[in-house]
Amino acid sequence: MFMGEYQHSVDGKGRLIMPAKFREALGERFVVTRGLDNCLFVYPMEEWTILEKKLKALPFTRSDARAFMRFFFSGAAECELDKQGRVLVPNNLRDHAKLLKDAVVIGVSNRVEIWSQEVWGSYSEETGLSFENIAEKIEDIEL
């Protein structure tokens with residue numbers, strides 16, 4: 001399980017240090033793709049395979065399902081860590097997440113998310129103000 005929040009920088013070549021606590025669970029190869037809310041989703045191969053099976057089960061006759069699958073899979077890249085624990089984030093994914101220099105890497109249960117520090121700050125501020133409202137809306141899932 002991934003959890004925690006870590007501050008890192010993207011270097012001039014587009015590489016980002018993956019937190020040491022996440023490296024072993026990610027494995028040698030993992031998938032980075034466009035995430036929701038202008039972040040990137042990072043999945044260990046095992047989790048990616050589970051997600052892929054679920055998405056394949058969506059009805060291709062629905063335009064929203066086709067659109068989501070196109071968005072999700074077209075942005076996906078199989079990545080690996082270098083000897084220093086860095087991942088090279090492809091240009092198109094850095095653009096999607098607005099990753100220029102400062103980044104925030106967070107653990108979210110079965111995946112890692114990579115955020116621009118600026119976008120994460122805005123998102124946290126907006127959702128933090130309504131955390132209680134969000135909790136009320138999802139109370140039926142028995143947290």
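The values are calculated or read from the model by the stated rules, or taken from the named source; none is laboratory data. Keep in mind the model is a prediction, meaning the values are calculated, not measured. Using ideal geometry, Cβ is built from the backbone for each residue, glycine included, and neighbour counts are taken over all protein chains shown. Side chains included, ligands, DNA and RNA excluded: accessible areas come from the protein's heavy atoms. Shrake-Rupley method; radii C 1.70, N 1.55, O 1.52, S 1.80 Å.
Brief remarks follow.
- Potential lengthening between Met69 and Val108 on full extension [0.36 nm per residue; Cα-Cα distance subtracted]: 11.9 nm
- Using the 1.4 Å probe convention, the accessible area of the chain works out to 64 Å² per residue with neighbouring protein chains retained.
- Length gained on full extension, Leu55 to Asn133: 25.1 nm, using 0.36 nm per residue less the C-alpha separation.
- For the chain, the relative contact order is 36 percent, taking Cα pairs closer than 8 Å that sit 6 or more residues apart in sequence and dividing their mean separation by the residue count.
- Within the chain, longest stretch free of exposed GluC sites (Glu not before Pro) [DSSP loop, at most 11 other beta carbons within 10 Å]: 29-141
- Once the C-beta distance of Leu36 and Arg62 is scaled by a Förster radius of 22 Å, the resulting FRET efficiency is 0.75 to the nearest 0.05.
- Kirkwood-type radius of the chain, with distances r between different C-alpha atoms, in Å: 16.1
- Percent of alpha-carbon pairs separated by more than 12 Å within the stretch 45-96: 72
- This model, with +1 at the C-beta of Lys and Arg and -1 at the C-beta of Asp and Glu, gives the stretch 1-70 a dipole about its Cα centre of some 340 debye.
- A Förster radius of 30 Å combined with the Cβ-Cβ distance from Tyr123 to Gln84 puts the calculated FRET efficiency at roughly 0.60.
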